[in-house]
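Below is one structure; the comments refer to it alone.
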Amino acid sequence: MKNKEIKILLSAPRGFCAGVERAIEIVEKSIQKFGSPVYVRHEIVHNKYVVDDLKSKGAVFVEELEEIEDKTRPVIFSAHGVPKKIPEDAKNYNMIYVDATCPLVSKVHREAENLNKAGYHIILIGHQDHPEVIGTMGQLPKGSIDLIQNEIEAKNYINKKNKKIAFVTQTTLSVDDTKEMIKILKDKFSDIREPFKEDICYATTNRQMAVKNIAKKCDIFFVIGSRNSSNSVRLVEVAKKSGCPNAQLIHSESKIPYDQIQNSNIIGISSGASAPEILVDNFIMDLKNRFTIKIDEVEIIKENVVFKIPKKLN
Ligand code: SF4
């Protein structure tokens, strides 16, 4: 096998975005400041490696505040954002809380709130049950937001409330699929109001563009990321749609398909916004142990976005 030469096209940008870096730093700084345990409501970001690492440092992950027996301990809200009720509940429990919601998700929350105040009924384009969608819908009273998940739902959407309508989106969607859904909505409702600045975030857009740029040159494409990571799953779809039908997610329980790699000359690699670079390094190291590897990093744009952590942790 070692004689087999394989070229890796390494997609860039890939991996951690500014929102994920900030969320992890918030957990680490909270442990330093308050000692352990520090509770985190929901996986801080959707990656097992990150969650396990933070557990080893003193974080305890729960799904709901009610699971926390010792409410004198602080709690952190994950990068995906939470419904308004959650910080209110934490206040009622007299808990210290730190909000690690990505500022780009908070932007969508404020947008939805302002549109609601201005008398709009809101359509949210996103995936049901994703914590970000639950968080965004939970910014407003029940019935203020309708969820649309695909083109069929966009085509069938009826403005039952008979109010002005506007749309917002989840931050980690497929750029191309979302464009299609928006086009359908705009064709149906010519005066639908759209966000001033796109809701799909810079990190999602850049990672998808980078994958699109190289996918058609690859015999096989791997995206390192967790199964519940929306932006990682989208990257697999983008690779498939952009010319590499054999695109696969490599998660914590994946078996690496060495037989398929053996039959490939060029492989593409990217990673989701919640996947640490060490997982990419380990994957490449594993391939290096079996094949002769040449790496070509293909970067389409430099990212220099940094988000500040809350003042109370400085
Ligand atoms: S993927 Fe985008 S919205 Fe999500 S945490 Fe990263 S920067 Fe924020």
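Throughout, read-outs are computed from the coordinates displayed, never taken from laboratory work. Quick caveat, the model's predicted, so the values are computed rather than measured. Cβ: placed from backbone, ideal geometry, glycine included. Neighbour counts: every protein chain shown.
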Margin query: Going by average Cβ density within 10 Å per residue, which order do the peptides 206-212, 271-277 take, highest to lowest?
Written below: 271-277, 206-212
Next item on the list: Run through every distinct alpha carbon pair of segment 24-91 and return the Kirkwood hydrodynamic radius in angstroms, one decimal place.
Entry: 12.0
Checklist line | Simple label model, 7 Å out from Cα along Cβ direction - D177 to K311, nm | finding: 4.1
Notebook entry, point to check: How big is the equivalent ellipsoid of the chain along its three axes, where each semi-axis is √(5λ) from the Cα gyration tensor, reported in whole Å from largest to smallest?
Noted result: 34, 28, 14
Note to self: Using 10 Å bins from zero, what percent of all Cα-Cα pairs in segment 213-314 falls into each bin?
What the structure shows: 14, 44, 30, 9, 4, 0
Check: Where the eigenvalues come from the Cα gyration tensor of segment 122-201, what are the semi-axes √(5λ) of the equivalent ellipsoid, largest first, in whole Å?
Finding: 17, 16, 12
Checklist line | Straight-distance crosslink candidates among lysines, where the alpha carbon sits under 16 Å from K164 and sequence neighbours closer than 8 are dropped | finding: K117, K186, K188
Checklist line | Hull-based mean projected area of segment 55-118, where the convex hull spans the alpha carbons, in square nanometres | finding: 5.1
Check: Helix-derived [θ] at 222 nm for the chain: sum -39500 (n - 2.57) over DSSP H runs of at least 4, divide by residue count, nearest 500?
Finding: -11500 deg cm²/dmol
